[in-house]
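Colleague: Pasting in a structure now, in structure tokens, and then I'll have a few things to ask.
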Amino acid sequence: MTLTLALSSIAVLPVVSLLAIFGGRSLATTRIVYGTSLAVSLALLALATTHLLGTGPSLSTMLPLGLPWLGAHFRIDALGAFFLVVVDLGAAAASLFALGYGSHEQAPQRVLPFYPLFLAGMNLVVLADDAFTFLISWEFMSLTSWALVIAHHRAGDNLHAGYVYLVMATFGTLALLLTFGLLAGPDGGYGFAQMRAEPPSPGLAAMVLILTLVGAGSKAGLVPLHVWLPLAHPAAPSHVSALMSGVMTKVAVYGFVRIVLDLLGPPAWWWSVVVLALAGITCVMGVLYALMQHDLKRLLAYHTVENIGIIFIGLGLALAFKAYGMTAAAALALTAGLLHAFNHSIFKSLLFFGSGAVLTATGERDMEHLGGLIHRMPQTAFVFLVGCAAISALPPLNGFVSEWLTFQAILLSPALPSWGLKFLVPAVGALLAMSAALAAACFVKAFGVTFLGRARTLAAERAQETDSISRAAMIVLAALCLIAGVVPGLFIDALAPVVEGLAGERMPVQRGVEWLSIVPIAESRSSYNGLLVFVFMVLSGSLAAFAIHRLASDQLRRAPPWDCGYPDPSPRTQYTAGSFAQPIRRVFGTMVFAASERTDMPPPGDQRPARLVVVVRDLIWEGVYAPVAAGVWTLSERLNRLQFLTIRQYLSLVFCALITLLLVLAIWP
Amino acid sequence: MRGLVFDIAHMLAGGLVLVSFMQLYQDRLYALLNIFALHALVLALSVAWQAYIQDAPHLYVTAVIALVFKAIVIPVVLHRIIVRLGIHREIEQVVRVGPTMLLGMGLVALSMVVMLRVTAEADPLAREDLAFALCVVLLGLLMMVTRRNAVSQVVGFMSIENGLVLAATGAKGMPLVVEISIAFSILIAFIVIGIFLFRIRERFDTVDIQALDRFRGERS
Amino acid sequence: MAVMLDLAVQGAQMIVVLLLAPLLTGIGRKVRARLLRRRGPPLIQPYRDLIRLLRKEVVLAENASWLFRVIPYLVFAATWVAAALVPTFQSGLLFSWSADLIAIIALLGSARFFLALAGLDVGTSFGGIGSSREVMIASLAEPAMLMVVFTLALIAGSTQLSTVAAFMTSSDVGLRVSLGLALFALIMVAIAENARIPVDNPATHLELTMVHEAMVLEYSGRHLALIELASQLKLLLYVSLIGCVFVPWGMAPAGAGAQALAIGLAAYLGKLALGAFLLALFETAIAKMRVFRVPEFLGAALMLGLLATLLLFVSRSL
């Protein structure tokens, strides 16, 4: 019943898209498309939540579409319901935001038809129960998002971004195709139920793991397959960027969890080594890349890479614990990873909406042309601040809860018997801690340079606050960040059926713990109470404010800022994004990015200004992708000669092929 | 056997590893000599404590030798040499402090793995003390490899020898005569090195190894 | 009834911590002055400074935003809550389970986040210098601190500070190498986080040498008083942390009587005085480092913390 309702709601979306094609460029079309998407997403959200909280059995159905001997299987179980909640929460928020933001869209006929189809694709991936449906929905999702990425194809290098995205997406789907082929085995059982019943041999399982890491990992953004993310996510319109960064990456995480934790059977211990190593590197590299950016949306896209690393650390630990049969610890690690996926979709969408609001208000994405927006756009600034605080894992917001749970899972790992893991897990813990501190630095920079200080250009000086619908979407997400941070027990309990299905056990029930704390393992070991921390902070802050204003003084006057006697009239003397990141660039960047600075001083008497040039190189692109691209070019240049042969040469090619085949026939035993 | 006595022995061995890391961190020559004196002091304390635990009086002599020669005499003499030759007091580093410390961490991990695997049947505390001793040896070698100054090479060499003494006293029963001969040979080697430094400085005006490399001979 | 008593003790701890923080700074300044052969300010001078600042009018830069005015209260609230959760004279207080050591560090991290934003708010170069250097120092100090937390948690079996303190007073803990390394790393991190020499000079206002002072340059009046009090509280927090973990003797256990509480309070005051004395001695003996030597210093602290954790993973007896 739930499943049929869900599928029928999804079926509404292509109809809406058809409407958008014929509707033209009017505002009414925009409103109808986004409004219907909002309604459908909310309906799916309600259905998924009831299924997740209702502890009913998983429902499946088969539709007579697709391949005739296979059909299209759909299933909604606990894992699917959870990811459906994540997808549709993000989709509802994005649709609500787009109701306000979409009215500023210059080319709506390029965006509106693909948006509902994108939502439909993501939902179908999560509901799919056989390989064919999964892959069709996955490709559909990639193609529609590609169309959205190149919607503004004349601006910047969006076409290049779309090209890289298309290549990487195809590469990822190829890997997933091979994965499902290996899982299906020689009999060709493409349904997930058959794959689950017959797990492959250890050698094949290892190959499936590697291929899934490549396929789902490239869509999620694991280093070194992340290169398309910072190109494609910023190029799309802001609500689509939020969906791609906050939601589509979670669909990729769903793919990984479904294949590796569900379909693949009992894991080997060394699988977690690969996943943890990749995740640790992804964490730190993502945030270091983000620190070097001064384009706000690229910074957010690179930061998604870091958070995907954190999610995969949780998943890797879950694999390690599961391999050694430590089910309680596996439950904790898996809860940490999945909760972070949920939290990240909320605050990353919020941050992208904020950057969309800034883009609409000023026309600028570059932080070095912004500044002082807190005075012009106070509400947007406030919710953006909440998003920044949440993503920097500051208590009492939700980012802290999932990172805290991940740290607790790391503290359980000395019990793992493998030597490799004994050395790897503390190193990954250190990398996670470092990336958390660097993330805070990154968002101080993002918020501080964009919203604080003085306006650096005319566009920033003249910014206007966004419309109320967009603000409403952001406020809803910010409120969710606070709620998920203050009463995390509810969300942990909601995750219990998912975790129980995958790890074999669930975390201790949080509902009965006094004062609404969360107790991940045992009360004597560790506990955290977000509500009390929040209440204490509010009380002590208000008490201090009240006491001081009453008993001491509440006088205030305005004056020019301190300038050592040399007033600086130009807002260009304040710190820029590049100068803020300079100490960190010097400490970490010289090794990781081969970063170098060069000063070009004019000789005395020359009037031109001195220039500081900062060179930051992407060593992964130069080391991995550029040689591959160059190799493919060289090969294709060589093969291109086949286009210009004479008739005699073509005939001799045919002749040689014929002779070769006859020879093979002669020699083959 | 657990207990406070063995914990103290462990702490002293771990302290020696910590001081080896501190040696890697230094970039000024006088500070390096002071840390080296501390290294020898911790070694002397560790050997003396082992003498107390194992009830082996000849190890007290070893401790006194380590204290007098390596903690007092050698640093003072090296100090004099530096002043007399006018060696400049900054240590040039081939690899910066950060990556050096990371390499040091890797070496510690490596020696833990090797030692704990190789000595699988022995007493667990003795195994870990041996692992620490191997750490000290490897960190001394790392120091010789990543620092360009000749004096730092000498200090690295001495700390390797300290690590070996730690290993030998930890595994019970090293006779005194071996220690005396080792100590004297070190002293002789040290005097020879000192003379060489003198001559090198006289001839080439520098003890920077990279500069000395130019005078090595014809390159074909 | 017992709950009321526990609540009273918890409230008393919060007040005690707030009242003792300026005294700690006062003792430190007096000792440093005496070591430099000066007479030094009286011990209660920080109290006088705070009261004087509280009474003054706030002079706010023209383009400072609402965030600039709210941040001193946020920073003070976060630091006070964190400092109140560290056991001082009694462990196992009523709300000690609401935030463990990781949460305490994250609270200090949020205080630092907002202070760095305050530095960027007015739009001058001074604030930018302070904020950018502060986040660079934090990017290495926080992981080092978390490694120390891991070491303590792995030894004591819990991240709750009261459990850790109780474990350290019991005889189960031996003299462990990892504890020694963790103490070293914790002292280095405490120096960096509290903006002490050799990382930062708390008494200067030259932009070449300041990190923390640069961020709060624009603050005045009651805002500055709150920020100063918050940094004094942070120093108190770190000294109490080192005291309750590495020098835990004398602390009253949970639910103890009045006599044990009195002994606990006396022991705590003694530890604070000793901590202030040692800090002042250390600061006088050493010179301030160049800014770009600080990452090497903190990198060494991170390595020590990582080594301590690694040793615990590899061998449970180390």
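Colleague: Quick test for you: out of A:ASP600, A:ASP568, pick the one residue that is at pLDDT 85 or above and over 29 Å from A:ALA440 (Cα atoms).
Modeller: Within the list A:ASP600, A:ASP568, the selection yields A:ASP600.
Colleague: Which of (1) within 14 Å of another protein chain (Cβ to nearest Cβ); (2) not in a loop (DSSP other than H, G, I, E, B) is the odd one out, the single condition A:GLY354 does not satisfy?
Modeller: (1)
Colleague: Does at least one position in region A:74-84 carry a residue that is touching a Lys or Arg at 6+ places or on another chain (Cβ under 6 Å) and assigned to a helix (DSSP H, G or I)?
Modeller: For region A:74-84, residues touching a Lys or Arg at 6+ places or on another chain (Cβ under 6 Å) and assigned to a helix (DSSP H, G or I): absent.
Colleague: Let me ask something additional. Can you tell me which residue in region C:92-107 is farthest from C:ALA300 (Cα to Cα), limited to those that are over 17 Å from the mean Cα position of the chain (by Cα) and open to solvent by 10 Å² or more (accessible area, probe 1.4 Å)?
Modeller: Taking the candidates together, the pick is C:LEU94.
Colleague: I need the full set of residues from region C:1-28 which are touching a helix residue (DSSP H, G or I) at 6+ places or on another chain (Cβ under 7 Å), touching a residue at least 24 places away in the same chain (Cβ under 8 Å) and not β-branched (Val, Ile, Thr), in order please.
Modeller: Of everything in region C:1-28, those that are touching a helix residue (DSSP H, G or I) at 6+ places or on another chain (Cβ under 7 Å), touching a residue at least 24 places away in the same chain (Cβ under 8 Å) and not β-branched (Val, Ile, Thr) turn out to be C:GLN13, C:MET14, C:LEU18, C:LEU20, C:ALA21, C:PRO22, C:LEU24, C:GLY28.
Colleague: Identify, by number, the condition in (1) open to solvent by 30 Å² or more (accessible area, probe 1.4 Å); (2) part of a helix (DSSP H, G or I); (3) in contact (Cβ under 8 Å) with a residue 24 or more places away in the chain that A:PRO199 doesn't meet.
Modeller: Condition not satisfied by A:PRO199: (2).
Colleague: So, one more: In this structure, is A:LEU19 assigned by TED's automatic domain parsing to the domain that holds A:ALA81, modelled with pLDDT of 90 or more and of a type in the set (A, V, I, L, M, F, W, C)?
Modeller: no
Colleague: All but one of (1) out of contact with any Cys (no Cβ under 9 Å at 6 or more places or on another chain); (2) within 28 Å of A:VAL247 (Cα to Cα); (3) in contact (Cβ under 8 Å) with a residue 60 or more places away in the chain hold for A:VAL487, so report the exception by its number.
Modeller: (3)
Colleague: Please state which one of A:ALA323, A:ALA415 is away from chain C (no Cβ under 13 Å), over 23 Å from the mean Cα position of the chain (by Cα) and of a type in the set (A, V, I, L, M).
Modeller: Exactly one residue qualifies, and that residue is A:ALA323.
Conditions (1) open to solvent by less than 70 Å² (accessible area, probe 1.4 Å); (2) assigned to a helix (DSSP H, G or I); (3) within 14 Å of chain A (Cβ to nearest Cβ); (4) basic (Lys, Arg), marked per residue:
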residue: C:MET14; (1), (2), (3), (4): yes, yes, yes, no
residue: C:VAL17; (1), (2), (3), (4): yes, yes, yes, no
residue: C:THR25; (1), (2), (3), (4): yes, yes, no, no
residue: C:ARG37; (1), (2), (3), (4): no, no, no, yes
residue: C:LEU43; (1), (2), (3), (4): no, no, no, no
residue: C:TYR47; (1), (2), (3), (4): yes, yes, yes, no
residue: C:LEU50; (1), (2), (3), (4): yes, yes, yes, no
residue: C:LEU53; (1), (2), (3), (4): yes, yes, yes, no
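Colleague: Give region B:1-26 a look and list any residue that's in a loop (DSSP other than H, G, I, E, B) and within 9 Å of chain C (Cβ to nearest Cβ), or say none.
Modeller: Within region B:1-26, B:ARG2, B:GLY3 meet the criteria.
Colleague: Quick check on C:ILE263: is it free of Cβ contacts under 8 Å to residues at least 24 places away in the same chain, open to solvent by 30 Å² or more (accessible area, probe 1.4 Å) and aliphatic (A, V, I, L, M)?
Modeller: When the stated conditions are applied, C:ILE263 passes them.
For (1) outside the structural domain of A:TYR254 (by TED's automatic domain parsing); (2) at pLDDT 90 or above; (3) closer than 23 Å to A:PRO64 by Cα, each residue gets a yes or a no:
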residue	(1), (2), (3)
A:VAL85	no, yes, no
A:PHE97	no, yes, no
A:ARG110	no, no, no
A:ASP130	no, no, yes
A:PHE140	no, yes, yes
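Colleague: For region A:266-284, give me each residue that is surrounded by fewer than 24 Cβ atoms within 10 Å (Cβ to Cβ) and in a helix (DSSP H, G or I).
Modeller: A:TRP269, A:TRP270, A:TRP271, A:VAL273, A:VAL274, A:ALA277, A:LEU278, A:ILE281, A:VAL284
Colleague: Taking A:PHE342 as the residue in question, decide whether it is open to solvent by 10 Å² or more (accessible area, probe 1.4 Å) and part of a helix (DSSP H, G or I).
Modeller: So A:PHE342 passes the test.
Colleague: Also: Anything in region C:151-161 that is more than 8 Å from chain A (Cβ to nearest Cβ) and either touching a residue at least 40 places away in the same chain (Cβ under 8 Å) or open to solvent by less than 10 Å² (accessible area, probe 1.4 Å) (or both)? List them, or say none.
Modeller: Let us first name the residues in region C:151-161 that are more than 8 Å from chain A (Cβ to nearest Cβ), namely C:151-152, C:155-156, C:161.
If the condition is that a residue be more than 8 Å from chain A (Cβ to nearest Cβ) and either touching a residue at least 40 places away in the same chain (Cβ under 8 Å) or open to solvent by less than 10 Å² (accessible area, probe 1.4 Å) (or both), then C:THR151, C:LEU152, C:ILE155, C:LEU161 are the ones that fit.
Colleague: Additional query: Only one of C:VAL164, C:VAL81, C:VAL148 is open to solvent by less than 10 Å² (accessible area, probe 1.4 Å), out of contact with any Asp or Glu (no Cβ under 8 Å at 6 or more places or on another chain) and at the interface with chain A (Cβ under 8 Å from one of its Cβ atoms). Can you tell me which?
Modeller: Values: C:VAL164 fails: at the interface with chain A (Cβ under 8 Å from one of its Cβ atoms); C:VAL148 fails: at the interface with chain A (Cβ under 8 Å from one of its Cβ atoms).
Only one candidate qualifies: C:VAL81.
Colleague: Same structure, new question: Here is a list of conditions, (1) under 30 Å from A:LEU291 (Cα atoms); (2) part of a loop (DSSP other than H, G, I, E, B); (3) open to solvent by 90 Å² or more (accessible area, probe 1.4 Å), and A:VAL628 meets all of them except one; can you say which number that is?
Modeller: The single condition A:VAL628 does not satisfy is (2).
Colleague: Pick from A:ARG525, A:ARG586, A:ARG557: which is in a loop (DSSP other than H, G, I, E, B) and either at the interface with chain C (Cβ under 8 Å from one of its Cβ atoms) or touching a residue at least 60 places away in the same chain (Cβ under 8 Å) (or both)?
Modeller: A:ARG525
Colleague: For residues that are open to solvent by 20 Å² or more (accessible area, probe 1.4 Å) and either more than 25 Å from C:PHE297 (Cβ to Cβ) or not in a helix (DSSP H, G or I) (or both), tally how many sit in region B:27-49.
Modeller: Count: 5.
Colleague: Identify, please: which residue in region A:599-623 is in a helix (DSSP H, G or I) and open to solvent by 70 Å² or more (accessible area, probe 1.4 Å) and is, among those, farthest from A:VAL164 (Cα to Cα)? Quick ask: steps written out before the conclusion?
Modeller: Just the residues of region A:599-623 that are in a helix (DSSP H, G or I), to begin with: A:619-623.
Keeping just the survivors that are open to solvent by 70 Å² or more (accessible area, probe 1.4 Å) gives A:621-622.
Details: A:TRP621: 12, A:GLU622: 15 Å.
Looking at the filtered set, the residue picked out is A:GLU622.
Colleague: Let me ask something else about it. Does region B:158-171 include one or more residues that are part of a helix (DSSP H, G or I) and either open to solvent by 40 Å² or more (accessible area, probe 1.4 Å) or at pLDDT below 80 (or both)?
Modeller: yes
Colleague: While we're on this one: Can you pull out every residue in region C:108-140 that is polar (S, T, N, Q) and buried (at least 24 other Cβ atoms within 10 Å of the Cβ)?
Modeller: Answer for region C:108-140, where residues must be polar (S, T, N, Q) and buried (at least 24 other Cβ atoms within 10 Å of the Cβ): C:SER110, C:THR124, C:SER131, C:SER132, C:SER139.
Colleague: Another question about this same structure. Restricting the search to region C:275-296, which residues are β-branched (Val, Ile, Thr) and either assigned to a helix (DSSP H, G or I) or at positive phi (or both)?
Modeller: Selection gives C:THR284, C:VAL291, C:VAL294.
Colleague: Pull out all pairs, ordered by first then second residue, where Cβ-Cβ is under 6 Å, the residues are six or more apart or on different chains, the first lies in region B:183-196 and is over 10 Å from B:GLU161 (Cβ atoms), and the second is open to solvent by less than 50 Å² (accessible area, probe 1.4 Å).
Modeller: From residues that are over 10 Å from B:GLU161 (Cβ atoms), the pairs are B:ILE193/B:VAL154; B:GLY194/B:ILE81.
Colleague: State whether one or more residues within region A:318-327 are at pLDDT below 90, assigned to a helix (DSSP H, G or I) and of a type in the set (Ser, Thr, Tyr).
Modeller: Checked region A:318-327: at least one residue is at pLDDT below 90, assigned to a helix (DSSP H, G or I) and of a type in the set (Ser, Thr, Tyr).
The values are calculated or read from the model by the stated rules, or taken from the named source; none is laboratory data. None of these values were measured; they are calculated from a predicted model. Because the Cβ atoms are built from the backbone with ideal geometry, glycine has one as well, and the counts that use them run over all protein chains shown. All accessible areas refer to the heavy atoms of the entire protein, side chains included, with ligands and DNA or RNA removed. Shrake-Rupley method; radii C 1.70, N 1.55, O 1.52, S 1.80 Å.
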